[in-house]
Each structure stands twice: as C-alpha cells, then as structure tokens.
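K.L.:
Here you go, one structure.
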Amino acid sequence: MNFATVGTGWITDSFIQAAKLSGKFQLVGVHSRTEEKAKQMADKHQAAHYHTNLEEMAKSEEIQAVYIASPNSLHFEQALIFLKNKKHVICEKPIFSNTAELEMAYRTADENGVYLVEAIRNIHTPNFHILKEKLGMAGELRSAMLPYIGYSSRYDLVLQGEEPNIFSAVYSGGALVDLGVYPLYLAVCLFGEPRKVTYHPVILRTGVDGSGTLVLEYEGFVCTILCSKISHSELPCEIHGEKGSFVLEDAAPISEIKFIDSHSKDSQILSVDQEEQNMVYECLSFANIIETKDNEEYTRLKNWSQIVLRITEEARKQNNIIFSIEK
C-alpha cells in the first residue's frame, strides 16, 4: 500500500521504519511546510516525491493512505483534506482536539469510503492482547494505578519563557493528551468507559497541564492515572484484583507483564518478547483493516478513540483548559 507522511519529527521517522518493517506499506511521498525539510525527509527515506502543498499532495493518485504527525491542532483540517480525496488516514495520537472534530472527520471518512484510525501503539502489541486475555486471573478488580511520567526536554524551553507546541494551548498540547493517553487507552480498552471522570492538573503559564492526576471511577474500583511532562518517575503500572495483581513495566509499549498471586505471593511472567520497533504492530493492524475491510475491528478502534477523547475533553473542561481553536 502506497502511503505518504505529514510531519518531519522523530515520530514520523519511527512510523516510516515500522511501516517498512511490516511489509505492508511503501513510502512514496512526504510533506513539510518548507521545501528544504521536505526534500531532506524524502532523501532520508528514499521517497520518490516531496510536497509543501497538502491539497496537491492529497490529489496524487499514487497515494492510498497518509500518516499525519503534525502538531495536534493541525490534525483535523489536514485529515479532512485527505479524507475528502479518498485517502485512508492514520493520525498520530491525540487524534484530534475535541469530539466535535472527531465526529465530523468520521462522517467524512464514511462519506468517502475510507478509513480513519488513531495511531496509538500500545494497544496493538502482543503483550496488550495477553494482558486483556489474562485479566480475569486477577479476579474482582479493586484498583489500578497507571502512571506515565517522563520529563520533557522541551519543558526547559518553557522555563526559559518559550512556548513549544506540546506545551501550548495554540497547538492543543498538554500532559494528558500527549502522555496520559497511553495509560488512558489501557484503562478504556481493558475496563471500558468509566462512570465518572475527575482530573487534577498542574497548569502551566502557557494554559495547559504540565502534569496531572486523572481519576476514573468504575463499578467497584477506581483507576488512577498519573501523567507528567515536567518530572520523572520509574513507577510501574499496576492492576489490583482480589485474586492477584498485574505489574506492567510501563504503559507503552508494555514490555513486561508480571502476575502476582494475592495468597501465595508467587509471581509469573506473562509477557513475550516484542519487536524493538513496536509501532510495527499498529501498522499491521491498520493494513489488515484496510486490506480486508474489517469493519468490526475498525468500529472497535473508533469506539475507543471516541471514549478516550470524551474523557480528555471532559477533564480539560473541568479545569478550564481551553485550546485556542475552541475559543
């Protein structure tokens, strides 16, 4: 399947590598706002074409799908351009800024007979599927603690008075939508939609959250998500049940899963070795949906994206974190 990319950051490099590794995608074009960066990206990955005009790129008959990894606030308008030109769209997380954008984009995809999916790597990995399959081993769930805390070098720029994209309301940034979505996706995919959401953020001078605690209330248990881009932690993720607990080395890409029996305290490793380039699994999943028209799997991913975005939007509204495009 011929595909093109929008964005020239490290995540685009990773996706291109993963797409090649999957054996399902062939890179034929790249886009950047500047010709110099576009040409550099094309040369680096042996892409036949480079573009600075999205409308022109979207009309190319060579391109069947596009991967979008531009700043968050640009995802929606860029996705619409490609969807209207009947290209499948793989949009890096967070897929869009709010649910209104999401619903309009899904309608546009349906109207044009193409697929729109969110690139969120952890839920496509073999270890995620193992965790979901084995979740019943824990018995009745009673609590979960899912951290994703990593200091961002771009926070240094904030401290110097600048406003990088990921810490900017102009570009729909913040810790919850950037890092928190990884553990949030785990919670939604494993436990479903919570009955109540509460968010307690640390809001920066830029108007977005640098860190925060998201509390998801379920019937009989509470899931607590910790996210931060302004501090560092090596806390593992844990899911606690009456019969036992799961300990995950990390929320993404779930490199190790340990189960500890509540009574015997015996532990066992459930995880398997995964590809170091773990984005390959989402590439395989998306390719399968497109190639086989697997609408059941597509609907499942669509529903998860809707729930996750509803939660992050509610969390922001509770704390008056308003993105510039919403004003």
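The values are calculated or read from the model by the stated rules, or taken from the named source; none is laboratory data. Because the structure is a prediction, the values reported are computed rather than measured. For neighbour counting, all protein chains shown are included, and Cβ atoms are generated from backbone atoms with ideal geometry for every residue, glycine included. When the accessible area is computed, the model is the full protein with side chains, heavy atoms only, and any ligands, DNA or RNA have been set aside. Shrake-Rupley method; radii C 1.70, N 1.55, O 1.52, S 1.80 Å.
K.L.:
Among the residues of region 53-76, is there at least one that is of a type in the set (Ser, Thr, Tyr), touching a Phe, Trp or Tyr at 6+ places or on another chain (Cβ under 8 Å) and in contact (Cβ under 8 Å) with a residue 24 or more places away in the chain?
P.N.:
There is at least one residue in region 53-76 that is of a type in the set (Ser, Thr, Tyr), touching a Phe, Trp or Tyr at 6+ places or on another chain (Cβ under 8 Å) and in contact (Cβ under 8 Å) with a residue 24 or more places away in the chain.
Here's the yes/no breakdown for (1) in contact (Cβ under 8 Å) with a residue 24 or more places away in the chain; (2) more than 16 Å from residue 307 (Cβ to Cβ):
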site	(1), (2)
89	yes, yes
95	yes, no
106	yes, no
124	yes, yes
136	no, yes
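K.L.:
I'd like to know if region 307-314 contains one or more residues that are over 27 Å from residue 193 (Cβ atoms) and either assigned to a loop (DSSP other than H, G, I, E, B) or of a type in the set (D, E, K, R) (or both).
P.N.:
No, region 307-314 has no match at all.
K.L.:
Being outside any helix (DSSP H, G or I), of a type in the set (Val, Ile, Thr) and out of contact with any Ser or Thr (no Cβ under 6 Å at 6 or more places or on another chain) is the requirement here; does residue 90 meet it?
P.N.:
yes
K.L.:
Are there any pairs, at least 6 apart or on different chains, whose C-beta atoms fall under 9 Å, with the first in region 206-222 and free of Cβ contacts under 8 Å to residues at least 40 places away in the same chain and the second open to solvent by 10 Å² or more (accessible area, probe 1.4 Å) and of a type in the set (A, V, I, L, M), and if so, which?
P.N.:
Partner pairs satisfying both residue conditions: 213/226; 215/197; 215/222; 217/197.
K.L.:
Another one. Residues being in a strand (DSSP E or B), open to solvent by 20 Å² or more (accessible area, probe 1.4 Å) and under 20 Å from residue 245 (Cβ atoms): count how many of those fall in region 176-224.
P.N.:
Qualifying residue count for the region: 5.
K.L.:
Consider region 11-37. How many of its residues are at pLDDT 95 or above, part of a helix (DSSP H, G or I) and over 17 Å from residue 285 (Cα atoms)?
P.N.:
Count: 3.
K.L.:
For region 262-280, give me the residue count where each residue is open to solvent by less than 50 Å² (accessible area, probe 1.4 Å) and either without any contact (Cβ under 8 Å) to a residue 60 or more places away in the chain or within 30 Å of residue 140 (Cβ to Cβ) (or both).
P.N.:
Selection size over region 262-280: 4.
K.L.:
Let me ask you something else. For residues in region 118-168 being open to solvent by 20 Å² or more (accessible area, probe 1.4 Å) and among the hydroxyl-bearing types (Ser, Thr, Tyr), which is nearest to the chain's Cα centre (by Cα)?
P.N.:
In this case the residue turns out to be 148.
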